[in-house]
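Presented below is the structure to which this report refers.
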Amino acid sequence: MIYDPVTIPLGSAVAQALDIMSEFHIGGIPVVNEKKQLVGIVTNRDLRFERRLDRPVEEIMTKENLVTTHQQTNLADAAQILQQNKIEKLPVVDKDNRLIGLITYK
């Protein structure tokens, strides 16, 4: 589990997401509001065909049916969640939906 994962705030542009992903060599970034609550995730899949670099990430991010887990989830259960949902990033949130970690498939 990655504690204190790299995030991007609401209102950021696609160009910023691409820059962060390139800088940190990552394939997805959780999107958070001002309270650090998870509101979406932007991944390579979301960005692959986007041409408007000034477009806000909230217009292209995955925000519906977000798959998350809580801190008590062990890694075996997390792996099963990732496989069942065919996802590579599993945000870990607290009871107030604040992002506290990220489990990722490498």
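General remarks:
- From the options 86, 106, residue that is on the phi > 0 side of the Ramachandran plot and modelled with pLDDT under 95: 86
- Output for region 1-55, where each listed residue is hydroxyl-bearing (Ser, Thr, Tyr) and more than 22 Å from residue 70 (Cβ to Cβ): 12, 22
- The residues of region 13-36 that are surrounded by fewer than 19 Cβ atoms within 10 Å (Cβ to Cβ) and under 19 Å from residue 51 (Cβ atoms), listed by number, are 13, 15, 16, 18, 19, 20, 22.
- Taken over region 1-12, the criterion of being part of a loop (DSSP other than H, G, I, E, B) and surrounded by 13 or more Cβ atoms within 10 Å (Cβ to Cβ) is satisfied by 1, 5, 6, 7, 10, 12.
- Residue in region 64-74 that is in contact (Cβ under 8 Å) with a residue 40 or more places away in the chain, surrounded by 16 or more Cβ atoms within 10 Å (Cβ to Cβ) and not hydrophobic (A, V, I, L, M, F, W, C) present: no
- Close pairs from region 78-98: first over 19 Å from residue 27 (Cα atoms), partner open to solvent by less than 70 Å² (accessible area, probe 1.4 Å) and not in a strand (DSSP E or B), Cβ under 9 Å, at least 6 apart: 84/67; 93/68; 97/68
- Cβ-Cβ distances below 8 Å connect the following pairs, each with a first residue in region 1-27 that is among the polar types (S, T, N, Q), a second residue that is assigned to a helix (DSSP H, G or I), and a separation of six or more residues or different chains: 12/57; 16/57.
- So residue 90, is it crowded, with 18+ Cβ neighbours inside 10 Å and closer than 24 Å to residue 13 by Cα: yes
- Scope region 95-106; condition within 15 Å of the chain's Cα centre (by Cα) and part of a loop (DSSP other than H, G, I, E, B); matching residues: 97, 105, 106
The values are calculated or read from the model by the stated rules, or taken from the named source; none is laboratory data. Here the structure is a predicted model, which is why all the values come from computation and not from measurement. As a convention, Cβ positions derive from the backbone with ideal geometry for all residues, glycine included, and neighbour counts pool all protein chains shown. Side chains included, ligands, DNA and RNA excluded: accessible areas come from the protein's heavy atoms. Shrake-Rupley method; radii C 1.70, N 1.55, O 1.52, S 1.80 Å.
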